[in-house]
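The values are calculated or read from the model by the stated rules, or taken from the named source; none is laboratory data. Predicted, not measured: the structure shown is a model, and the values here were computed from it. We place every Cβ from the backbone using ideal geometry, glycine too, and count neighbours over all the protein chains shown.
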Ligand SMILES: Nc1ncnc2c1ncn2[C@@H]1O[C@H](COP(=O)(O)OP(=O)(O)OP(=O)(O)O)[C@@H](O)[C@H]1O
Ligand SMILES: [Mg+2]
């Protein structure tokens, strides 16, 4: 079919042609956003799911809804190995500058900007263009201790938003990369604005281990957030994700072709986009047939192996690769840590640091005590396909 009109969108954070199966999450987010605008208490949300399930797409969607409802929004992606405040301060500065155009909010915005300036100095941050052109406020958000300063800053921002009859929504992607003290500070800050009834909302997204990380950081995090699970799409939603974009372009796909795609992708959004994309380009006739879907499998798998899977695998050191390959030889997982140790002929304890390192890179996580699983769906199949020879399933190629 005409490649120019191909509706599918495989890619990190790419808006899908049909955002299937996320109605409940979107509805809940919209309710929270609207309640915040009315000054009513609303719960922040932490979207949790594996790689490629559509967390970033949802966060982008929520940000658009928040802006449309009258919120100011600040969105950031937590970087690996960089401090949160380096990204947060310019974003808050931007939001406050927008607020300062409101006459009613002038005084409170000025106060918030001063707190931001104190905060920035305490954490030794400077920026050229976005420098904050007010005097710092001594004694506010300037102790240099994130857990003490961030709540004071959030309160000032919340008060400024309230005085303009607006709300402030903060969105953070890849929450698992936040440092422990940053996550703790964030939780305390959200708790504080919540107690004060200020119109501040938070939407985070991250890998499943974030639930445990935030619980460890502050025990009351459990009550502070909703943790919507973002998973693979069920059969009917996955079928819609494939069928609807094709029909919207005035084309057709056979039902047995859809079934083949669902079997191969297990309903994972990233894989659905890749499969849909390849099927469309490869289809010769007027409709996409089972034959097209079978042919597309090869191209889709190749693209995923060279992109989605490879970029993740490339981040691992040789020793870490050995570990994940040993996991893959044991099946689809979750895996007992002790079984992985046995496969590597090492002790469970001696592998601890290596396991922790792979977890911190966001490749694996512990779904329950003593268990390990991949954060990338079907990663085991990729490893077997590419790094385990058929004759000896335990030795790397
Ligand atoms: N509900 C959905 N229906 C169909 N396709 C979707 C849906 N949500 C996301 N996608 C598609 O899935 C792919 C991955 O989305 P996204 O990058 O948001 O995932 P993610 O969970 O943020 O992944 P990662 O953890 O790797 O950052 C994109 O190509 C997107 O278009
Ligand atoms: Mg993402």
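Data for the structure
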read-out	value
Residue 284 vs. criteria at pLDDT below 95, surrounded by fewer than 20 Cβ atoms within 10 Å (Cβ to Cβ) and closer than 30 Å to residue 298 by Cβ	yes
Residue 284 being free of Cβ contacts under 8 Å to residues at least 12 places away in the same chain and either touching a strand residue (DSSP E or B) at 6+ places or on another chain (Cβ under 8 Å) or not assigned by TED's automatic domain parsing to the domain that holds residue 346 (or both)	yes
Test: residue in the stretch 21-28 that is near ligand 1 (Cβ under 6 Å from one of its atoms), within 24 Å of residue 68 (Cα to Cα) and within 18 Å of the chain's Cα centre (by Cα)	yes
Top-ranked residue of the stretch 209-243 - restricted to ones that are more than 21 Å from residue 194 (Cα to Cα) and outside any helix (DSSP H, G or I), ranked as nearest to the chain's Cα centre (by Cα)	230
Unmet requirement for residue 27, which otherwise passes all of (1) free of Cβ contacts under 8 Å to residues at least 24 places away in the same chain; (2) buried (at least 19 other Cβ atoms within 10 Å of the Cβ)	(2)
Residue match in the stretch 349-372 (condition: buried (at least 18 other Cβ atoms within 10 Å of the Cβ), in contact with a helix residue (DSSP H, G or I) (Cβ under 7 Å, 6 or more places away or on another chain) and in contact (Cβ under 8 Å) with a residue 60 or more places away in the chain)	yes
Number of the condition not met by residue 72 [criteria: (1) more than 16 Å from ligand 2 (Cβ to nearest atom); (2) within 22 Å of residue 184 (Cβ to Cβ)]	(2)
Filter pass, residue 207 being closer than 20 Å to residue 50 by Cα and away from ligand 2 (no atom under 16 Å from the Cβ)	no
Those helices (runs of 4 or more DSSP H) lying entirely in the stretch 78-191 with at least 1 residues at pLDDT 95 or above and either touching a strand residue (DSSP E or B) at 6+ places or on another chain (Cβ under 7 Å) or assigned by TED's automatic domain parsing to the domain that holds residue 363 (or both)	84-99, 146-163
Filter pass, residue 145 being within 16 Å of ligand 2 (Cβ to nearest atom), under 19 Å from residue 81 (Cα atoms) and surrounded by fewer than 24 Cβ atoms within 10 Å (Cβ to Cβ)	no
Helices (runs of 4 or more DSSP H) wholly inside the stretch 286-342 that include at least 2 residues being more than 20 Å from residue 11 (Cα to Cα)	290-306, 318-329
Pair list, Cβ < 6 Å and 6+ apart or interchain, from the stretch 54-65 residues that are without any contact (Cβ under 8 Å) to a residue 60 or more places away in the chain to residues that are more than 9 Å from ligand 2 (Cβ to nearest atom)	65/30; 65/33
Criterion (within 19 Å of the chain's Cα centre (by Cα) and away from ligand 2 (no atom under 16 Å from the Cβ)) met by exactly one of 84, 99, 48, 59	84
Count of the stretch 224-241 residues which are farther than 18 Å from residue 377 by Cα and in contact with a strand residue (DSSP E or B) (Cβ under 6 Å, 6 or more places away or on another chain)	4
